[in-house]
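What follows draws every value from the coordinates through simple rules; no lab data is involved. Bear in mind the structure is a predicted one, so any value in this text is a computation, not a measurement. A quick note on method: Cβ atoms are made from the backbone with ideal geometry, for glycine too, and the neighbour counts reach across all protein chains shown.
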Amino acid sequence: MPRAKNNVAAHRRHKKVLKKASGNYGGRSRLYRTALETVHKGLTYAYRDRRNKKRTFRNLWIVRISAAAKLSGMNYSTFITGLKRAGVTLDRKMLADIAARDMATFDQLANMAKNA
């Protein structure tokens, strides 16, 4: 019985890895072993940074809300606490967008927070 070498499947697997590694420098895009290491490392970074992106955007939104709240004469924590007591259920992403684009609406929200 002849020896089965799994050529077709192995070649497809290698092609898949080398396609993901295209754009890397030197052997990292041409040699299977180094390309595999590069792809694994890249996927690890991608997984980690998808989570870090959420953290970074939340920080950005908080900075924007804080700056707008200071213009309205209050700090960030009292603004958020006041909105919660007033029953406003806007998230930080929406509040940051309102702060950046529509200061009149933000001032109304700040007044609601002050009164609550």
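Once you reduce region 93-116 and region 1-63 to the center of their Cα atoms, the two points are 43 Å from each other. Computed from backbone phi with θ = phi - 60° and the Karplus coefficients 6.51, -1.76 and 1.60, the 3J(HN,Hα) list for region 17-29 is 5, 5, 5, 5, 8, 5, x, 7, 8, x, x, 4, 9 Hz; x is used for glycine and proline. Of all aspartates and glutamates in the structure, the ones whose alpha carbon falls short of 19 Å from that of residue 15, not counting any fewer than 8 places away in one chain, are 37.
Helix 32-71 and the longest principal axis of the Cα set of the chain meet at an angle near 10°. Calculated on C-alpha atoms, the gyration radius of region 41-104 divided by its Kirkwood radius gives an Rg/Rh of 1.13. Taking 20 Å as the straight-line reach from the Cα of residue 93, the lysines in range (excluding those fewer than 8 positions away in the same chain) are 53, 54, 70, 84.
Rounded to a whole number of µm²/s, how large is the Stokes-Einstein D of region 7-115 at 10 °C and 1.306 mPa s, given Rh as the Kirkwood radius over C-alpha pairs? In µm²/s, the coefficient is 92.
Sequence-ordered 3J(HN,Hα) estimates for region 92-105 from the Karplus curve with 6.51, -1.76 and 1.60 and θ = phi - 60° stand at 5, 4, 5, 4, 5, 5, 5, 4, 7, 9, 9, 5, 5, 5 Hz, glycine and proline given as x. Of the residues 66, 77, the one with the fewest other Cβ atoms within 10 Å heads the list, and the complete ranking is 77, 66.
Counting pairs of Cα atoms in region 5-62, how many percent are more than 19 Å apart? Before the final figure, lay out each step's value.
Working: 766 of 1653 pairs.
Every Cα pair in region 5-62 considered, those over 19 Å come to 46 percent.
Ignoring lysines fewer than eight residues from residue 16 along the same chain, the ones with Cα atoms less than 25 angstrom from its Cα are 5, 41.
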